[in-house]
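To start, the structure itself, in structure tokens.
The values are calculated or read from the model by the stated rules, or taken from the named source; none is laboratory data. Quantities reported herein were computed from a predicted structural model and do not represent experimental measurements. Glycine gets a Cβ as well: all are built from the backbone with ideal geometry, and neighbour counts include every protein chain shown. The accessibility values were calculated without ligands, DNA or RNA, using every heavy atom of the protein model including side chains. Shrake-Rupley method; radii C 1.70, N 1.55, O 1.52, S 1.80 Å.
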Amino acid sequence: MADGLRERKKQETRIALSWAAVRLAVERGYGNVRIEDIAAEAGVSLRTFRNYFAGKAEAIAAREVDRMYAIAEELRVRPAEEPLWVAIRAAIEARYALGASDGGQPPDEHWVAGIRLMMSEPALQGAIAAAYAVAADELTAAVAERTGATGLYPRLVAEVIGAARSVVSAEWLRADPPRSMGDLLYEALDLLAAGLPEPH
């Protein structure tokens with residue numbers, strides 16, 4: 001029980017640091033944020049920050065890793081009789097709120113502008129690419145366990161989900177009027193599950 005509480009506190013600290021990094025980067029600009037600022041914003045020491053992350057880019061990208069790990073975990077416990085894409089959507093719906101920035105609501109345009117500027121940073125783009133690679137491995141393993149498939153199929157499913165997430169993020173940033181990230185993601189999943197039929 002003590003171990004479980006300790007792990008939960010560690011995860012809460014990790015999430016708090018990641019969100020502090022995002023908030024400050026959006027408010028001040030990525031280049032104007034120091035790791036000391038992030039630690040102070042999250043109410044922890046600089047040493048604690050360094051126990052979790054190597055730098056601010058990794059702290060921001062951690063949201064994606066944590067979210068995808070949670071989705072993979074949820075996929076593993078979905079009922080075995082559910083079709084794969086039904087289970088994937090249910091897993092994402094159940095765990096998507098982890099790290100979600102808009103609470104299912106259309107985003108504030110100032111927040112979007114800050115996120116857009118932040119995402120243009122090359123260092124952050126590299127960290128997010130590395131985060132997606134880690135997340136894809138975990139999701140691949142979850143799909144393989146669920147389907148019993150090996151090789152191409154589970155990796156393809158995981159990469160397709162990652163690609164959908166990337167496209168949805170880009171669409172979320174440029175949508176006018178603004179749209180909920182969750183709504184866009186579920187629309188993308190529905191299109192994938194239907195085999196990407198041509199629009200009419």
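The table for this structure:
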| read-out | value |
| --- | --- |
| Condition met for A170 (loosely packed, with under 14 Cβ neighbours inside 10 Å and hydrophobic (A, V, I, L, M, F, W, C)) | yes |
| Helices (runs of 4 or more DSSP H) enclosed by region 21-137 - at least 1 residues per element that are under 18 Å from the mean Cα position of the chain (by Cα) and at pLDDT below 95 | 56-77, 84-95, 109-119 |
| Number of the exception - R155 against (1) among the basic types (K, R); (2) out of contact with any Ser or Thr (no Cβ under 7 Å at 6 or more places or on another chain); (3) open to solvent by 20 Å² or more (accessible area, probe 1.4 Å) | (2) |
| Residue check, V160 within 27 Å of E82 (Cβ to Cβ) and either modelled with pLDDT under 85 or in contact with a helix residue (DSSP H, G or I) (Cβ under 8 Å, 6 or more places away or on another chain) (or both) | yes |
| Cross-chain or 6+ apart pairs with Cβ under 7 Å, region 38-49 first and surrounded by fewer than 17 Cβ atoms within 10 Å (Cβ to Cβ), then among the acidic types (D, E) | L46/E36 |
| Region 141-153: number of residues that are among the small types (G, A, S) and outside any helix (DSSP H, G or I) | 3 |
| S180 vs. criteria modelled with pLDDT under 95 and under 16 Å from the mean Cα position of the chain (by Cα) | yes |
| Residue satisfying condition, being in a helix (DSSP H, G or I), hydrophobic (A, V, I, L, M, F, W, C), touching a Phe, Trp or Tyr at 6+ places or on another chain (Cβ under 8 Å) and more than 17 Å from A90 (Cβ to Cβ), within set L156, L173, L184, L192 | L184 |
| Enumeration of residues in region 13-34 that are open to solvent by less than 90 Å² (accessible area, probe 1.4 Å) and over 14 Å from L124 (Cβ atoms) | T13, R14, I15, A16, L17, W19, A20, R23 |
